[in-house]
């Protein structure tokens, strides 16, 4: 890939603005459009070319356009691009749900040019004023493909992320991405909010807040972020979050039932000193179930995880399956060595 | 209170060892017993007087004995002290549940000499090797009283914590303490474990772990601590944790039901572009419910909470109720100014 890519960015908020600054820092040509021109003076001073309309952005024919607009603006943005995007431009995005975005891209008739993407980067701030190229330091991107994804479109996005942004990749299908994101982010945001609600609803909330220490602070931190953004994120991945919330509710109810049974057994016990009841196997199992996660984190903390590298050679027909399998093994693509050859880091598996 | 107190400590683990070092640093005489003599050489070098038996500790007649042993050893420790404790010594403890300890103290016939306590201090380490006097920097202690608590016993413990350890106090009854501790610590530990189990049970766990960021790391951190200690803590506060787990399960199920209803409404909607459904009021309410907590934390972060001070004057008959009421208002006792007069800091309320 001899020539550095030209990149179009839609939306100069935290994610898009940080991406624009990062790419300019790394000597890429960046053209941006934002729904208001407010950040343009500052963005131009930083080296970003800013245009007045989405049609202007499309007409500049960048190698890749990255949609960094809010998901709720996606249908309108795609509708405007549909009339002006040239075939040479590949379209990608940074949305935190992938199935819904692909549906919207298909509805706009742009799916032949599309590859999905989701960078694991962000913080609790928002807007151009918060944009910072270091937001992407060491970030991993999920890149999502389906049966119709064109290999050369995928290569363009992979090159943007690895050579352009300097980040790593795992390749997923939309379903696995959205389930995994629900598990490690969307559902836990609801849980954190429910914990915070439990406190605000409690008549002894001031006493409880006074006793709160690190456990409480850490578990409710994400409940402090913009609740409207959290709600939208949860609704956009509704089916996966719903299933996980029901699974969590079942797990918590099972522990509640075990505690009730232990207490009733202790009350019927003839030994008056037995105020701490006998622990049933199911309770021990509940606490042991997370042992592989504890071992995985302990290895990570010990710094014992120095990733090895391996070469991935892709076949013409099997490339999607080969990359999806690599992701399941816990590998991250870090470099494109040739049109069919990647270097991956082998991380520890859970 | 002219004469510095002599303090006996049972158990030189993380909490007891750190307390012993802290009190020695602050020129208190500290006498300790531990179930094994292993830490004695190091403790003696640090200025702690170590004794061979609990009877020896009782015979030294310290002003206060602080039980820092594991809760499961409590019945045995209390049994041994029951035969040797002199009336001049006041008994307290540092257990994370207070109702159960008071029951055990009553069973040993020592309740006339007892005042409960629970310092909000600790970390994920354990044992004398981890003991560190700075563990108590800025710590708040819950002091628990009931209708039979002797005022001068309470004063002895309050003096130990404020003048001795240099910490702050809120006065609670056992029930409020154990409910509040279940809310901000014991129940959330179960929730964190359930989240970690959700990951380890998932076929896409390696993909999900790769996508995990700050939200997941913070919400599962306490699931990494010793699961056996967590399980014991939860079982010791079983009734409160059970009720809160059921309340959490109901909250999560309610959100799951709302997500299901939104999706089914969107499917039956005639507008094909309406892929993000209409949000019902109940969903908005769920996310708004935590707003007072967000405001409280925002004020805390802004550093706007410079505690004012006020004087609390206690009456002979009403002192328990007056101190309990002070705690509910969010006040922390920081100093004893006289036998019936305290200085409290007024913190922001939730």
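Being surrounded by fewer than 17 Cβ atoms within 10 Å (Cβ to Cβ), touching a strand residue (DSSP E or B) at 6+ places or on another chain (Cβ under 8 Å) and outside the structural domain of residue A:155 (by TED's automatic domain parsing) is the requirement here; does residue A:337 meet it?
Spelling it out, residue A:337 is indeed surrounded by fewer than 17 Cβ atoms within 10 Å (Cβ to Cβ), touching a strand residue (DSSP E or B) at 6+ places or on another chain (Cβ under 8 Å) and outside the structural domain of residue A:155 (by TED's automatic domain parsing).
When you scan the range B:141-161, how many residues do you find that are farther than 14 Å from residue B:19 by Cβ and in a helix (DSSP H, G or I)?
Residues flagged as farther than 14 Å from residue B:19 by Cβ and in a helix (DSSP H, G or I) within the range B:141-161 amount to 8.
Has the range A:156-179 got any residue that is assigned by TED's automatic domain parsing to the domain that holds residue A:23 and free of Cβ contacts under 8 Å to residues at least 60 places away in the same chain?
Looking through the range A:156-179, at least one residue is assigned by TED's automatic domain parsing to the domain that holds residue A:23 and free of Cβ contacts under 8 Å to residues at least 60 places away in the same chain.
Considering only the range B:17-29, state which residues are under 19 Å from residue B:90 (Cβ atoms) and surrounded by fewer than 23 Cβ atoms within 10 Å (Cβ to Cβ).
Within the range B:17-29, B:26, B:28, B:29 qualify.
Since residue B:137 meets every condition but one in (1) more than 30 Å from residue A:289 (Cα to Cα); (2) in contact with a helix residue (DSSP H, G or I) (Cβ under 7 Å, 6 or more places away or on another chain); (3) without any contact (Cβ under 8 Å) to a residue 60 or more places away in the chain, which condition does it not meet?
Unmet condition: (2).
May I ask you to list the residues in the range A:236-258 that are over 23 Å from residue B:222 (Cβ atoms) and more than 7 Å from chain B (Cβ to nearest Cβ)?
Residues satisfying the conditions are A:237, A:240, A:243.
Go through the residues of the range A:312-332 one by one and say whether even a single one is facing chain B (nearest Cβ under 10 Å), within 23 Å of the chain's Cα centre (by Cα) and assigned to a loop (DSSP other than H, G, I, E, B).
yes
Against the conditions (1) in contact with a strand residue (DSSP E or B) (Cβ under 8 Å, 6 or more places away or on another chain); (2) within 26 Å of residue A:225 (Cα to Cα); (3) free of Cβ contacts under 8 Å to residues at least 60 places away in the same chain, where does residue A:144 fall short? Just the number, please.
In the conditions (1) in contact with a strand residue (DSSP E or B) (Cβ under 8 Å, 6 or more places away or on another chain); (2) within 26 Å of residue A:225 (Cα to Cα); (3) free of Cβ contacts under 8 Å to residues at least 60 places away in the same chain, residue A:144 misses (2) alone.
Hey, can you tell me all the residues within the range A:333-350 that are in contact (Cβ under 8 Å) with a residue 24 or more places away in the chain and more than 14 Å from chain B (Cβ to nearest Cβ)?
A:335, A:336, A:337, A:339, A:340, A:341, A:342, A:343
Restricting attention to the range A:266-294, and to residues there that are modelled with pLDDT of 95 or more and part of a loop (DSSP other than H, G, I, E, B), which single residue is farthest from the chain's Cα centre (by Cα)?
Per the stated criteria, the residue is A:289.
Which numbered condition trips up residue A:263, out of (1) at pLDDT 95 or above; (2) at the interface with chain B (Cβ under 7 Å from one of its Cβ atoms)?
Failed condition: (1).
With respect to residue B:138, is the statement that it is facing chain A (nearest Cβ under 8 Å), surrounded by fewer than 23 Cβ atoms within 10 Å (Cβ to Cβ), part of a loop (DSSP other than H, G, I, E, B) and at positive phi true?
For residue B:138, the condition - facing chain A (nearest Cβ under 8 Å), surrounded by fewer than 23 Cβ atoms within 10 Å (Cβ to Cβ), part of a loop (DSSP other than H, G, I, E, B) and at positive phi - is not met.
So residue A:307 clears everything in (1) touching a helix residue (DSSP H, G or I) at 6+ places or on another chain (Cβ under 9 Å); (2) surrounded by fewer than 16 Cβ atoms within 10 Å (Cβ to Cβ) except one condition, right? Which one?
So residue A:307 meets the others, but not (1).
The values are calculated or read from the model by the stated rules, or taken from the named source; none is laboratory data. It should be emphasised that the depicted structure is a prediction, and the values quoted were computed from it without experimental measurement. For neighbour counting, all protein chains shown are included, and Cβ atoms are generated from backbone atoms with ideal geometry for every residue, glycine included.
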